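Heads up: the structure comes next, in structure tokens.
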């Protein structure tokens, strides 16, 4: 797939490079071999943790990617925490006061949040808070203030998704027989919702959060580019542009690994919330 | 001081669904005496469950409304009670057992966590007192290994055991009235008998009244002192249990009894009442049962019959009108004479 964008040598040598020099370069990097040989070679090395070297900087690809991991984690986790803090109470309240004005406004906002593309939202935020108000830096990393804008941009979409999902699961749970049983025991509304209904709706929410955290970690490409955030997403973007494919491959590998780990954590969490799947 | 724990007078309930409204309960009267078991019988959709939920104050607030009538619990009208006040009654003085033991317990909380709620809300007890109480009640309803079950989850118990748990939940605060909405419908026949036996036993032991909602006449015969027969949101007949089975007056009750399969006979076809329960929106003038009644005559379609009271046997049927009876006897005589 990565070769679809063309031969990487074209980007590293001047356009007027002599034919022999190109051939020599291809020879050196192994690009003149058949694709399947290159692929087999890559696989053999990759399972040993060797993704090759960056074509540009001649550094090992994997450490380059791992270097960017903390920044990506910082951004993704803070965006996740922010969106959970907003969306779960919002979704629960929205479900409980179904069809009220509050509910309608919340639903409208979530539709908006899902519809707005993140690069545009990012640019708007930069325009208002960085360019106009001069309150926050427009890009880069290093302090909490650098984190705020990309975090908000990234969280916007998740907030929308989580809120809608929490609302619909909660509506589902509130119709259940056991909620009526709890009511018939004289449980006050706040406790009914906050304790009995919430724990039941957490199970599907965990699934969604696990899926989204993967997206936040791996797919924050646009947000990272817009805010010049030094994370994996931006590195991948740059490497793609440069056809520096060892880095791209290493990055994709790490993201896949992250997905797997997150899903494993989600499975463990299920057992914590849902006794029916607990292993004896 | 009256001996009636619960008295429902001319209760009318309206449901709203968008702009449509319907009246599933239209002028229902009945009462439950102290220590008595009252059976409420009728087929699906006749308003049994709505009636019981209204007594518990559990009707959905947004879509339903008590239009008129009163629900007297210990001579106090609770039909218009504020939610906060109602909560003090629920699970405390009035409690309820639901039809579906499989779905009526919360799957992600232990039995103990769920059973502690009524005590927590209504009694001032320490945690260890609550726990001891729960274990005692679990034992009372005949659950083995109560000390372990209290820490188990609903999915670890069978349907019959779950219904016993539900009964102990309803029993914890020693209610004066327990409502059991089809408590055995979802259970195996052998378990049904055990649960009914248990209900009988704890009713006597706890000196409470029981309102038993069922569509099963054999359950009624087994359990109840008095019976209310409901049809399409109205009480059509009310009598002592023996009186009702010996002399059912309303054609609907008669039909119900005929549809019971008898033990040793194997008839080619079981009896069934023709037609269906009218939807609340279809009900107009006249007797609610008229369109399915084999004895219906003009008056039945034109005027709603009042409740005719003969002794303690009440039925809402024009055939019980003394005036109608006289006319019919005259007609019979003239047929014989001619």
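Normalised by the number of residues in region A:31-176, what is the relative contact order in percent for Cα pairs under 8 Å and 6+ residues apart?
The normalised contact order for region A:31-176 reaches 30 percent.
At a threshold of 8 angstrom on Cα-Cα distance, excluding pairs fewer than six apart, so keeping six or more, what relative contact order does chain A reach in percent?
With pairs under 8 Å counted, the relative contact order is 25 percent.
Just from its helices, what would the mean residue ellipticity at 222 nm be for the protein assembly as shown, if runs of 4 or more DSSP H residues each count -39500 (n - 2.57) and the sum is divided by every residue, rounded to the nearest 500 deg cm²/dmol?
-16000 deg cm²/dmol
Taking the 0 to 90 degree range and rounding to the nearest ten, how far is the long axis of helix B:322-337 tilted relative to the main principal axis of chain B, both from C-alpha atoms?
Taking Cα atoms only, the helix is inclined about 40 degrees.
In whole angstrom, how far apart do the alpha carbon centroids of region B:159-222 and region A:162-188 sit?
26 Å
Let me see the P(r) profile for chain A: every Cα-Cα distance counted, bins of 5 Å, each bin given as a percent of all pairs.
Percent of pairs per bin, in order: 1, 5, 10, 12, 13, 12, 11, 10, 8, 6, 5, 3, 2, 1, 1, 0, 0, 0.
Taking chain B as a Gaussian network, Cα atoms linked when under 10 Å apart, which of B:308, B:109, B:73 shows the biggest mean-square fluctuation?
B:109
Hey, got the average number of other protein chain Cβ atoms within 10 angstrom for residues in B:99-111?
Mean inter-chain Cβ contacts per residue within 10 Å come to 5.
Give the separation of the Cα centroids, region A:257-280 to region A:194-252, in Å.
Between the Cα centre of region A:257-280 and that of region A:194-252, the gap is 20 Å.
Rounded, prolate or oblate, given the Cα gyration tensor of region B:250-337, with a/c below 1.5 counting as rounded?
In terms of gyration-tensor shape, oblate.
So how do A:256-262, B:99-105, B:283-289 stack up, highest first, on mean other-Cβ count within 10 Å?
Ranking, from highest mean packing down: B:99-105, B:283-289, A:256-262.
Of all alpha-carbon pairs in region A:182-253, indicate the percentage at a distance above 20 angstrom.
Every Cα pair in region A:182-253 considered, those over 20 Å come to 54 percent.
Taking each residue of A:192-200 in turn, how many C-beta atoms of other protein chains fall within 10 Å of its C-beta, and what is the average?
Partner-chain Cβ atoms within 10 Å, mean over residues of A:192-200: 2.
Taking the mean number of other Cβ atoms within 10 Å as a proxy for protection, how do you rank A:59-65, A:241-247, A:43-49, B:153-159 from highest to lowest?
A:241-247, A:59-65, B:153-159, A:43-49
Using a Debye calculation, one point per C-alpha and no hydration shell, please list log10 I(q)/I(0) for the protein assembly as shown at q = 0.09 Å⁻¹ in order.
-0.86
Sorted by packing (mean other beta-carbon atoms within 10 Å per residue), highest first, where do A:107-117, B:177-187, B:200-210 land?
Packing order, densest peptide first, comes out as B:177-187, B:200-210, A:107-117.
What is the fewest-to-most order of B:137, B:327 by other Cβ atoms lying within 10 Å of their Cβ?
B:327, B:137
For chain B, what does the relative contact order come out to in percent, with C-alpha contacts under 8 Å and a separation of six or more?
20 percent
Compute the acute angle (0 to 90°) between the alpha-carbon long axis of helix A:101-115 and the principal axis of greatest extent of the alpha-carbon atoms of chain A; round to the nearest 10°.
It works out to around 10 degrees.
What span do the alpha-carbon atoms of region A:57-209 cover on each of the three principal axes, reported in whole Å from largest to smallest?
Sorted from largest, the Cα extents of region A:57-209 read 68, 39, 24 Å.
Once both axes come from the Cα atoms, what is the angle between helix B:127-140 and the longest principal axis of chain B, in degrees from 0 to 90, rounded to 10?
Rounded to the nearest ten degrees, it is 50.
Read the figures in this text as sums done on the coordinates, not as results from a lab. The structure displayed is predicted, hence computed values, not measured ones. Note that each Cβ is placed from the backbone with ideal geometry, even for glycine, and that neighbours are counted across all protein chains shown.
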